[in-house]
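Below is one structure, written out as structure tokens; the observations come after it.
The values are calculated or read from the model by the stated rules, or taken from the named source; none is laboratory data. What you are looking at is a predicted structure, and each value in this text was computed from that prediction instead of being measured. With ideal geometry, Cβ positions are generated from the backbone for all residues, glycine too; neighbour counts draw on all protein chains shown.
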Amino acid sequence: MMGNVTSMVPEGQDRGAAGAVALLEQSRSTLEALDLPLDVTGAAEARGAIQAAVAQLDDYILPRFRTLDAPLLAVVGGSTGAGKSTLVNALAGFPATRAGAIRPTTRQPVLLHHPSDRAWFADRRILPGLSRINGTPAQGAADDYAGGTASAAEPAGTSLVLLADRSIPAGVAVLDAPDVDSISDDNRRLAGQLLAAADLWIFVTTANRYADAVPWALLLDAAHRDIEVAVVLDRVPADVEAEVRTDLAGLLQRQGLAAAKLFVILESTLDEQGMLPAGAVDPLRAWLEELAADASSRADIARRTLGGAVRSLAHTVRAGAAAADDQNAAGQRLRKMVDGAYQAATDQALAATQDGTLLRGEVLARWQDFVGTGEFFRGIESGIGRLRDRIGAFFSGKPAPSVVVEAAIESGLQAVVVEAAAKGAEQADAGWRVDPAGQGLLGSDDLSTPSAGFSDDVAREIRAWQSDLLDLIRSEGEDKRFTARMLSFGVNGLGVALMVVIFAATGGLTGLEIGVAGGTAVVGQKLLEAVFGEDAVRRLARRARAQLEERTTRLMQAEAQRFLSRIPAQEQQAEAMRTLADQLQAVGAKTDSEAAE
């Protein structure tokens with residue numbers, strides 16, 4: 001049950017933060033439980049966005065809300081070869097990270113921090129999914145540092161190298177991320193994960209690549225999330241510095257990033273250790289030191305970035321609600337296809353029990369034998385008036401065994417139901433095949449024919465129906481007045497007559513068959529009326545037909561379940577998610593306002 005933010009937040013700032021954390025934890029549970037299994041338009045993108053949002057909640061949003069006074073994390077990101085690692089090494093004053101011409105260079109992210117801040121990062125407060133490796137440079141030198149290589153037990157890209165050094169001001173940590181456009185899929189994903197966990201971005205680009213699409217896609221995302229951004233323009237020839245700086249500043253302003261800090265590193269020759277000349281990054285270092293020294297500024301940056309992240313989360317939750325709506329609509333569409341196909345199959349099977357078609361062939365021949373002789377029914381052509389005499393003979397003679405007629409009816413009815421189910425399966429399968437969501441649920445399975453064993457199931461249901469019909473006959477004949485008449489023909493014989501009456505409508509028959517079926521119905525009807533009376537016969541026929549319809553419907557519904565069981569249970573609470581999104585939006589706005597105060 002979703003409460004609102006105010007109901008969960010008692011008075012007091014600390015309790016207010018606790019209420020926000022509770023809401024965020026609820027958001028995480030909701031997003032993690034959201035299932036979007038159907039292949040509908042936009043589902044893949046929605047799944048990716050939800051997965052990223054859950055990761056950011058774990059990596060950044062929840063940890064930051066719980067510890068607003070923790071050091072800022074500045075993530076250094078950028079395109080391949082932009083000089084990120086070289087920049088981080090310059091800030092550290094020694095080769096702290098791996099840099100070179102072989103790509104990808106940043107295989108293990110290195111987090112530089114002041115020794116006094118170590119506890120904030122060693123306990124997996126942020127990025128809990130990344131294990132920690134301790135780097136140990138001696139007195140600011142790289143000789144004793146292993147270069148961030150993971151241990152044998154750690155696969156590349158899953159560990160965070162912690163490197164403490166006093167060159168990094170207390171209150172701000174610097175993290176060297178992989179290339180955002182790395183040739184390695186794992187590195188690209190890791191880069192996105194690290195940037196999503198940042199309080200501020202130090203985005204590195206070059207004089208000849210600052211207008212590329214990839215950097216700007218990330219910068220625009222930063223603008224949308226209101227993240228503090230510093231842009232480092234690297235390898236700028238001295239003679240075009242003013243021109244390039246002006247052009248990039250204009251681009252930043254036009255894209256809503258006018259407040260971004262812009263630093264320029266002139267083109268220069270690296271020394272034998274791959275280090276920039278002394279003083280190349282002094283302006284950037286000074287800015288970081290200024291932030292580190294001002295607790296209020298750090299808090300404002302943390303809250304502003306946090307507020308933007310929560311607002312972005314609200315957007316993801318709202319988009320998740322829309323995706324859940326799409327899933328529900330797709331599920332209903334697929335269900336409607338199956339329901340329609342098997343309803344048509346049910347109607348087809350039941351229609352065949354009403355239009356006289358079941359009295360063709362074998363069933364009709366066995367009924368003729370059962371009633372008397374073939375000559376009797378052929379004599380119908382010369383006058384239906386002889387029926388009265390024939391009914392008398394019907395009672396006085398000894399009928400043939402009724403089991404033969406029952407078996408013929410069972411066989412004919414079984415064929416009708418199986419044929420109808422086959423058409424239903426073919427129609428449902430074809431409908432799903434042309435729907436992407438249905439294709440995904442079917443996969444390589446072929447459901448275009450009835451299930452194995454369906455024919456046997458139909459036979460059992462028909463025999464059960466025949467047994468029920470005999471029970472109806474017995475129940476109706478419990479009155480002693482009917483006993484003698486019943487005994488003269490037998491319960492099974494009366495049951496067969498009732499089946500014939502149910503099936504003997506003339507629709508669908510032609511020529512001589514109409515007369516035969518009509519005569520057949522009259523014989524059965526008169527026989528039953530003689531035993532039970534006219535009203536009772538009508539009542540028996542209605543009940544027997546209702547039971548047949550019930551069993552036929554149940555058979556078809558069981559077949560439909562082969563399809564319907566593949567449709568995931570649609571219990572997505574889209575409206576509740578939209579309410580949750582509104583609450584998150586309010587938390588984000590409140591966090592923003594606190595940063596502005």
| task | Collect the residues in the stretch 538-597 that are part of a helix (DSSP H, G or I), without any contact (Cβ under 8 Å) to a residue 12 or more places away in the chain and closer than 27 Å to ALA422 by Cβ, keeping them in residue-number order. | result | ALA546, GLU550, GLN561
| request: Check whether at least one residue in the stretch 136-143 is of a type outside the set (Phe, Trp, Tyr), modelled with pLDDT of 90 or more and touching a Pro at 6+ places or on another chain (Cβ under 7 Å), and report yes or no. | output: no
| request: Scan the stretch 208-216 and give yes if some residue there is within 16 Å of VAL88 (Cα to Cα), free of Cβ contacts under 8 Å to residues at least 60 places away in the same chain and either in contact with a strand residue (DSSP E or B) (Cβ under 7 Å, 6 or more places away or on another chain) or part of a loop (DSSP other than H, G, I, E, B) (or both), otherwise no. | output: no
| said: Restricting to the stretch 18-75, name every residue that is touching a residue at least 12 places away in the same chain (Cβ under 8 Å) and among the polar types (S, T, N, Q). | reply: GLN26, SER27, THR30, THR41, GLN56, THR67
| query | Would you pick out the residues in the stretch 437-457 that are outside any loop (DSSP other than H, G, I, E, B) and surrounded by 14 or more Cβ atoms within 10 Å (Cβ to Cβ)? | reply | ALA437, GLY438, GLY440, LEU441, LEU442, PHE454, SER455, ASP457
| Some residue of the stretch 174-184 being surrounded by 15 or more Cβ atoms within 10 Å (Cβ to Cβ) and more than 36 Å from the chain's Cα centre (by Cα) | yes
| task | Keeping to the stretch 94-113, report how many residues are part of a loop (DSSP other than H, G, I, E, B) and either within 15 Å of VAL161 (Cα to Cα) or at pLDDT 90 or above (or both). | result | 9
| said: Is it the case, given these coordinates, that GLN273 is of a type in the set (S, T, N, Q), farther than 26 Å from ARG64 by Cα and in contact with a helix residue (DSSP H, G or I) (Cβ under 7 Å, 6 or more places away or on another chain)? | reply: no
| said: For the stretch 208-260, give me each residue that is among the polar types (S, T, N, Q) and either at positive phi or surrounded by 12 or more Cβ atoms within 10 Å (Cβ to Cβ) (or both). | reply: GLN253, GLN255
| said: Being of a type in the set (D, E, K, R), modelled with pLDDT of 95 or more and either outside the structural domain of ARG538 (by TED's automatic domain parsing) or on the phi < 0 side of the Ramachandran plot (or both) narrows it down to one residue among ASP471, ASP429; which is it? | reply: ASP429
